[in-house]
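**Q** Encoded as structure tokens, here's the structure I'll be asking about.
The values are calculated or read from the model by the stated rules, or taken from the named source; none is laboratory data. Source: prediction; values computed, not measured. Here the Cβ is made from the backbone with ideal geometry for all residues, glycine too, and neighbour counts use every protein chain on show.
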Ligand code: TRP
């Protein structure tokens, strides 16, 4: 069966973009047709300035929301990255395969590092090596497919390159993964700035619909979305990005086609109203389930404990194999080793 791995970084509250672009697909399709692992990648949240208590809170919330969105621990493996040591263990080995130049060419690194420097801040070394840790996340599990948004395809390419390079140099160890993309609304844009992604780490919340936003907040945000000059509703992502974004969100929520929906509306106002209603409907069951799960933290903790145990058992053999292949001495499991040590003293 195809092995699928994907991750959510707890750097902000999960958004409608995360849901329509990824999580919904994981729940509806991926966990059923594949052997899927979904990971709250908390180690990745430490690559930029962070508040420890907030990361902890967001990690728990992300895991709870993934369950609320329909991930079923009977079907998939849901866990928190830092609960499984194999990620960090493998990451170091892959750092010995990746090059400095390769890391500095990563678009996301260049953008984030530049922004940080502009603000006069310092860039954490982990921001540079982050794609290697992501490669470790993927390669530790023999992953075939990584469902991610377009902004992550370069990182998945790196994981491929590292797998191929490692296999060539040290013998076949890793499955070579590939990125996959969901069909509709893989990129929900910010309602206030339809040229940039609706990202959870963005500072201003007015263009971002969060999964836990109350219905009236959702309505307000959608009704205030920036639209384009012109009045007729047409689907033109290049020329009318604001309207196109609303049409894509509406299509993703109702199962329609953004191009066809364009012809249906007489005014921007009517489009916004229907889009707001559709988003509220889509979020309703997720929010209800989230509330139930919050009342049962022991259940959620149990899911994460079992998930980590399953994940560890899957990753361990591959990471051990990589350690041996690259030249690390296998520790002795011989129980008489200790008395020998004492005798030598
Ligand atoms: N880098 C991804 C993001 O920012 C999160 C991530 C970390 C991930 N490790 C992963 C995604 C492994 C897919 C597979 O969204």
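**Q** Looking only at the range 86-96, decide whether some residue is assigned by TED's automatic domain parsing to the domain that holds residue 148, at pLDDT below 95, over 21 Å from residue 149 (Cβ atoms) and more than 16 Å from the chain's Cα centre (by Cα). It would help to see each step written out before you state the result.
**A** Within the range 86-96, the first condition is being assigned by TED's automatic domain parsing to the domain that holds residue 148, and the residues that meet it are 86-96.
Among the residues that remain, those that are also at pLDDT below 95 are: none.
No, every residue in the range 86-96 fails to be assigned by TED's automatic domain parsing to the domain that holds residue 148, at pLDDT below 95, over 21 Å from residue 149 (Cβ atoms) and more than 16 Å from the chain's Cα centre (by Cα).
**Q** Determine whether residue 58 is touching a strand residue (DSSP E or B) at 6+ places or on another chain (Cβ under 8 Å), more than 13 Å from the ligand (Cβ to nearest atom) and not assigned by TED's automatic domain parsing to the domain that holds residue 279.
**A** Here the answer is no, as residue 58 does not meet what is asked.
**Q** Are there any helices (runs of 4 or more DSSP H) wholly within the range 267-345 with 3 or more residues that are at pLDDT 95 or above, surrounded by 12 or more Cβ atoms within 10 Å (Cβ to Cβ) and touching a helix residue (DSSP H, G or I) at 6+ places or on another chain (Cβ under 6 Å), and if so which?
**A** Here the list reads 268-294, 297-326.
**Q** Can you run down the residue pairs with Cβ atoms below 6 Å, 6 or more apart or on separate chains, where the first is in the range 35-47 and more than 17 Å from residue 24 (Cβ to Cβ) and the partner is near the ligand (Cβ under 9 Å from one of its atoms) and assigned to a loop (DSSP other than H, G, I, E, B)?
**A** 41/9; 44/9; 45/9; 45/11
**Q** Can you name the residue in the range 28-51 that is away from the ligand (no atom under 11 Å from the Cβ) and crowded, with 23+ Cβ neighbours inside 10 Å and, of all such residues, is modelled with the lowest pLDDT?
**A** Step by step, filter the range 28-51, then rank; the result is 30.
**Q** In addition: State yes or no: is residue 70 in the same structural domain as residue 19 (by TED's automatic domain parsing), part of a loop (DSSP other than H, G, I, E, B) and modelled with pLDDT under 95? Full working, then the answer.
**A** Numbers: in the same structural domain as residue 19 (by TED's automatic domain parsing): yes; part of a loop (DSSP other than H, G, I, E, B): yes; modelled with pLDDT under 95: no.
Criteria not met by residue 70.
**Q** Quick one: which residue in 157, 111 is out of contact with any helix residue (DSSP H, G or I) (no Cβ under 7 Å at 6 or more places or on another chain), farther than 26 Å from residue 312 by Cα, within 13 Å of the ligand (Cβ to nearest atom) and in a helix (DSSP H, G or I)?
**A** 111
**Q** Determine which member of the set 165, 187 is surrounded by 15 or more Cβ atoms within 10 Å (Cβ to Cβ), more than 13 Å from the ligand (Cβ to nearest atom) and outside the structural domain of residue 242 (by TED's automatic domain parsing). Walk me through it before giving the result.
**A** Details: 187 fails: more than 13 Å from the ligand (Cβ to nearest atom).
When all the criteria are applied, what remains is 165.
**Q** Then there is this: Scan the range 243-266 for residues that are surrounded by fewer than 19 Cβ atoms within 10 Å (Cβ to Cβ) and either assigned by TED's automatic domain parsing to the domain that holds residue 21 or in a helix (DSSP H, G or I) (or both) and report the count. Walk me through it before giving the result.
**A** Applying the first criterion (surrounded by fewer than 19 Cβ atoms within 10 Å (Cβ to Cβ)) to the range 243-266 yields 254-257, 259-260, 263-264, 266.
Narrowing the set further to residues that are either assigned by TED's automatic domain parsing to the domain that holds residue 21 or in a helix (DSSP H, G or I) (or both) leaves 254, 259-260.
Qualifying residue count, the range 243-266: 3.
**Q** Moving to a separate point now. From 141, 130, grab the single residue that is over 23 Å from residue 305 (Cβ atoms) and either modelled with pLDDT of 95 or more or out of contact with any helix residue (DSSP H, G or I) (no Cβ under 6 Å at 6 or more places or on another chain) (or both).
**A** Checking each option against the conditions leaves just 130.
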